[in-house]
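Reading through the structure tokens given below for one structure.
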Amino acid sequence: LQAAGGSVLNINPAWKLSRKMYNSNFPDWAWINDKEMKTWVRYWPGLNHQAVKAELQGQGYTILEERNSDDRIAIALNPERLSKLQDLGFVMFIQEMEDPGEPENFTARTNVRVNVLQQSFKGGLNYDGSGIMVGHNDAGMLGDHIDYKGRLTQVGNSNSSSDHGDHTAGTIFGAGNRDPFAEGMAPGADMYYATYPNNLNNADNIYTTQNVRLTSNSFSNGCNAGYTSFSRQVDQDADDNPLMLHVFSAGNNGSSDCGYGAGSGWGNVTGGHKQGKNAVTVANLTRTDQLASSSSRGPAEDGRIKPDIGAVGTAVWSTTDIPTNNSYDSKTGTSMSCPGITGSLAVLMQAYKDQNAGLEAEGVLLKGMLLNGADDLGNPGPDFKFGYGRANVRKSYQMLENMQYF
């Protein structure tokens, strides 16, 4: 590259990347399967199109589309190979596929990028939450479903006319056995299920006897109830059981006035327990990273940042036992975004154990990695709508992999 003044510079490979590719913010609409995304490769003007195509095929890339008129070719790219693609001399620019602008239900996994940690090819990452026990609280007992087979323990005997618990459970650990589009975030994890709030009230016991390391709670207990005794209990758990982390839905009162003082639309997180300082509270995002209008907003009653993080909770496809067992359905709400984060954390927990000789990560470390890896949305920095932004498990994993923590 000839600069002003006549010098010749090497091209930094990072200059070849679009903003999203540079920030590892691979959009959900670009994914063509759980492992690859449609990516445009623009080559230098004047090069032979067929020669470039042959070179890409020789490197093992599948050609998806060609645009001879503007010197670019679309390929199926596994993001793990992005750096190798950058280093190819004929490559001028690399960009993700443009947003097609079409609604889709099956994007919760790709939206938080947890699919990047679940690769089927030899030598690829293969973290599916195996070895992690999730304590799940919800309404009534779960129905039979092939997606839970062999990995679910239920306690209690209360019946339920709702499939709320079934849907949230599948988002955490559903295997997608009957419908792969309904695969949960951690399809290898185990679940210890009880009706709400039993697993919270028995946190010390299930931590010791069942090795529960995460709890998922898509329930409310008041609107901006302040720092209650339930909040204190949740925070005390972080001291008493340092390997445990509680995850909560932010609530669906986005337009409510719950007495915070800023009027309707603010300070309406639904509960006291989810305002705990060491809990993770989750907002509801659409597949295009917009805040759902119903998603509850912060701040906490004492002014702290809540919610903490965002994930897709709009039109999430997951398990149900209505009308029959082994069914699936689409639901919307922070109840659906909360288990998405819980399952993603189970995957990060497994990855930490794998890379640290079986040692387990403390909950506060995983929460820090989750928030620090988020893609910022809304106002710059943390805010009362999105928290720290939309979860990006790929970035959180990179911190873990590179030991960028202490």
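Name the shape class, rounded, prolate or oblate, that the alpha-carbon gyration tensor gives for the range 46-163, where a ≥ b ≥ c are the square roots of its eigenvalues, rounded holds for a/c under 1.5, and otherwise prolate holds if a/b is larger than b/c and oblate otherwise. Note, shape of the range 46-163 comes out prolate. Taking square-rooted eigenvalues a ≥ b ≥ c of the alpha carbon gyration tensor, is the range 102-230 rounded, prolate or oblate, where a/c under 1.5 means rounded and, failing that, a/b exceeding b/c means prolate? Cα axes put the range 102-230 in the prolate bin.
Ranked from highest to lowest mean number of other Cβ atoms within 10 Å per residue, what is the order of the peptides 109-117, 90-98?
109-117, 90-98
Scanning residues 5 or more positions from Glu66 or on other chains, those with amide H under 5 Å from its amide H are Ala74, with H placed 1.01 Å from N in the peptide plane. The 1.4 Å probe gives accessible areas that order Trp29, Trp44, largest first, as Trp44, Trp29.
Using Cβ point charges alone (K and R +1, D and E -1), the dipole size of the chain about the Cα centre works out to roughly 700 debye.
Cross-link partners for Lys16 among the lysines, with Cα-Cα distance under 29 Å and sequence neighbours closer than 8 places in the same chain left out: Lys35, Lys38, Lys53, Lys84, Lys122, Lys395. Each of the peptides 136-142, 122-128, 345-351 was scored by the mean count of other Cβ atoms within 10 Å over its residues; in descending order, highest first, they stand as 345-351, 136-142, 122-128.
Think of a 1.4 Å ball rolled over the protein heavy atoms: the chain then has 41 Å² of accessible area per residue.
Protein heavy-atom surface of the range 26-143, 1.4 angstrom probe: 47% of the accessible area is carbon and sulfur, with nucleic acids and ligands not counted.
Around Ala139, with a cut-off of 14 angstrom between Cβ atoms, what is the net charge of the other residues, counting Lys and Arg +1 and Asp and Glu -1?
So the surrounding residues net to -3.
Considering the range 1-94, its Cα convex hull presents a mean projected area of 6.7 nm². Between Gly265, Gly170, Gly358, the GNM of the chain built on Cα springs shorter than 10 angstrom shows Gly358 fluctuating the most. DSSP assigns beta bridges within the chain; of those with both partners inside it, close to 50 percent run antiparallel.
For the chain, the longest principal axis of the alpha carbon atoms and the long axis of helix 334-355 meet at an angle near 70°. Compactness of the range 116-182 was expressed as the Cα radius of gyration divided by 2.2 N^0.38 Å, which yields 1.27. Let me make sure I get this right: for the range 43-83, a, b and c are the square roots of the gyration tensor eigenvalues over alpha carbons, sorted descending. Under 1.5 in a/c it's rounded, otherwise prolate if a/b > b/c, else oblate. Which is it? Taking the square roots of the gyration eigenvalues as a ≥ b ≥ c, the range 43-83 is prolate. Rounded to the nearest 10 degrees, the angle from helix 164-173 to the longest Cα principal axis of the chain is 40 degrees. Once Lys and Arg get +1 and Asp and Glu get -1 on their Cβ, which of Ser229, Leu285, Tyr192 lies farthest toward the positive end of the dipole of the range 174-319? Toward the positive end, the furthest listed residue is Leu285.
The values are calculated or read from the model by the stated rules, or taken from the named source; none is laboratory data. Quick caveat, the model's predicted, so the values are computed rather than measured. Counting neighbours? That spans all protein chains shown, and the Cβs are built from the backbone with ideal geometry, glycine included. Just the protein is used for accessible areas: all its heavy atoms, side chains included, with ligands, DNA and RNA removed. Shrake-Rupley method; radii C 1.70, N 1.55, O 1.52, S 1.80 Å.
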